[in-house]
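*Asks:* After the structure tokens below, expect a handful of questions from me.
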Amino acid sequence: MSRSGFFAIEKEFTRSLAGLPDGMLKEGFVAGISGGPDSMVMLHLFHLMNLPVTVAHVNYGQRGQESDRDEEVVRRAAANYGYDLRILKADTSELKKGNFQDNARKMRYRFLVEVMQEKGHGSISLAHHEDDQIETILFKILRGAGPGSWTGMKVWEEGLFRPLLNCAKYMIDQYADVKNITCRIDQSNLETDYARNYLRLVVFPELQQKIPGFRQNIINLPKIVSSIDESMAWIADRILDEDGRIPAGELLGMDTSLRKSLILYLVKNRFGGISLSAGSLDRLGECESLQTGKFLDLGYRIALYRDQDYFLLQASDDTDGGKHGTDAPGGATIRLPDLEKGSINIYGIKFEISTARMPFTGEWLQLDADRLPDELLLRRWDKGDRFTPLGMDGSQLVSDHLTNRKITGPKKKEALVLDAFDGTICAVIFPSPNPGKEAGTIDAGFALGEKCNRILRIETQ
């Protein structure tokens, strides 16, 4: 690495520190250190800047002696730098109850928070870098998330500090090598069974060869989204009345893309960062025919309500006017941790968590719960919803899939989807009864795997 390369990483680290809130440097940091190159370089830079740090390491014990060697490297580094150290020996039996990676991440975060509170530090420092940022954004795009979700991670975000976020991975590795920083390599990061590893090790090199500028293009997406948000904020500030209502003339006078962008911005800011699906946004074309007292169901329990000369966004549970279209439910949240305590019945559909595989009869759906997020949204399908039906090649619109399964007419409108809260369709649930007497179709990405420990079973008949 050239001398300018040294300066680039150290300068970026200094720039990240300069962007912290006042007083944060004196309060110090809890640094999550795994022993890998990224976190060990971060720890080295903290020491170089002579900043107060407590080192925190979690030994998951998944790799036997290799995990213990990771811990030893972290112990030695903390001692050499004169930093206090906290070690957590993870209970692997608890972590294996469900999605191991998800459980491990939550355990690590709880541990870091406990150390931060114990030591009186102001933030938790993590060694995410530019490649992690690219993976995060691209992952969201590939899973169908809308532009509102393309914001990625931030250097400073609600007590989390990521000082290396704008540094490329290869620069961090070279810096560690030239500076002789002792690091450990987790061999599981070289296995392509995990989706993120596959992106990093297989897809990215191919893209870099064929589209050299793809990395910067993805990194720029949050800036583009931010500039769009700024424009929408300017428009909203000028047309919304004091009650937050949108004049009908203003909304109906906008072209389609501007109307979608404004509603997307308002929903994201009023309802906790929700990003509407493409199908929900397409439904805004029905605004012209919406009569007073009616509303468009946009999914996620959000509705656009018509009140004479105005439109108003509000939670659909709070509306008492007639629904536009079918009377099927607008959405209900299903929490997998709640299902661990017992089955639940929503809209006549039974959901339960089980460890026993049942033979396929078509009367129920079975999904690998270890691949699912903790919360799912049961809602009506949207025009733009798309998934990859199990047993088929390629993706398919939910609308086309229902037609192919001979579910048409009024019954078609009653079909529901299980949404991962980011537009990813995990399953399509058919109305009951239906011609094939089937519960529905699951997305191939959530089919039962060989190592599946928990099964989400859905029964409609």
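*Asks:* Work out the length of the dipole vector of region 1-78 about its Cα centre, built from +1 on the beta-carbon of each Lys and Arg and -1 on the beta-carbon of each Asp and Glu, and round it to the nearest 20 debye.
*Replies:* 220 debye
*Asks:* Here is a further query. Ranking request for peptides 249-258, 58-67: highest mean number of other beta-carbon atoms within 10 Å first, then the rest in descending order.
*Replies:* Result, highest mean first: 58-67, 249-258.
*Asks:* Can you give me the distance in nm between label points at CYS452 and ALA79, each placed 7 Å from the Cα along the Cα-to-Cβ direction?
*Replies:* Placing both labels 7 Å along Cα→Cβ, they lie 4.8 nm apart.
*Asks:* Arranged from highest to lowest average of other beta-carbon atoms within 10 Å per residue, in what order do the peptides 424-431, 287-294, 372-379 appear?
*Replies:* My ranking of the peptides, most packed first, is 424-431, 372-379, 287-294.
*Asks:* Do the sum for the chain: with -39,500 (n - 2.57) for every DSSP H run of n ≥ 4, divided by all residues, what is the mean residue ellipticity at 222 nm, to the nearest 500 deg cm²/dmol?
*Replies:* -11000 deg cm²/dmol
*Asks:* Here is a follow-up. Estimate the FRET efficiency between SER395 and LYS89 by the formula 1/(1 + (r/R0)^6), using the beta-carbon distance for r and 41 Å for R0, to the nearest 0.05.
*Replies:* 0.40
*Asks:* Ok, one more. Which aspartates and glutamates, if any, have their Cα less than 12 Å from the Cα of LYS412, not counting same-chain residues under 8 positions apart?
*Replies:* Answer for LYS412, where 12 Å is the Cα cut-off: ASP382, ASP400, listed by chain and number.
*Asks:* Using DSSP to call loops (not H, G, I, E or B), can you name the GluC sites (Glu not before Pro) in region 376-461 whose Cβ has at most 11 other Cβ atoms within 10 angstrom?
*Replies:* GLU450
*Asks:* For region 332-459, state the average projected area of the convex hull of the C-alpha atoms over all orientations, rounded to one decimal in nm².
*Replies:* 7.4 nm²
*Asks:* Still on this structure: Taking the dipole about the Cα centre of the chain, with the C-beta of Lys and Arg at +1 and of Asp and Glu at -1, give me whichever of PRO222, VAL203, PHE161 is farthest to the positive side.
*Replies:* After comparing all options, I get VAL203.
*Asks:* Would you mind computing Rg(Cα) / (2.2 N^0.38 Å) for the chain, counting N as its residues?
*Replies:* For the chain, the normalised Cα radius of gyration comes out at 1.10.
*Asks:* What does the charge count around GLU206 come to, taking other residues whose C-beta lies under 14 Å from its C-beta (Lys +1, Arg +1, Asp -1, Glu -1)?
*Replies:* In short, +3.
*Asks:* Another one. Span-like helices, the chain: DSSP H, alpha-carbon axial extent 27 Å or more, mean Kyte-Doolittle -0.5 or greater, which ones?
*Replies:* Span-like helices in the chain: 214-239.
*Asks:* How large is the dipole of the chain about the Cα centre if only Lys and Arg carry +1 and Asp and Glu carry -1, each at its Cβ, rounded to the nearest 20 debye?
*Replies:* In total the dipole reaches around 640 debye.
*Asks:* Could you work out how far apart the two model spin labels at ASP374 and THR14 are, taking each label as a point 7 Å from the Cα in the direction of the beta carbon, and quote it in nm?
*Replies:* Label at ASP374, label at THR14, 4.1 nm between them.
No value in this document is a laboratory result; all are computed from the given coordinates. None of the values given here were measured: they were computed from a predicted structure. Cβ coordinates were reconstructed from backbone atoms using ideal geometry, including for glycine residues, and neighbour counts include every protein chain displayed.
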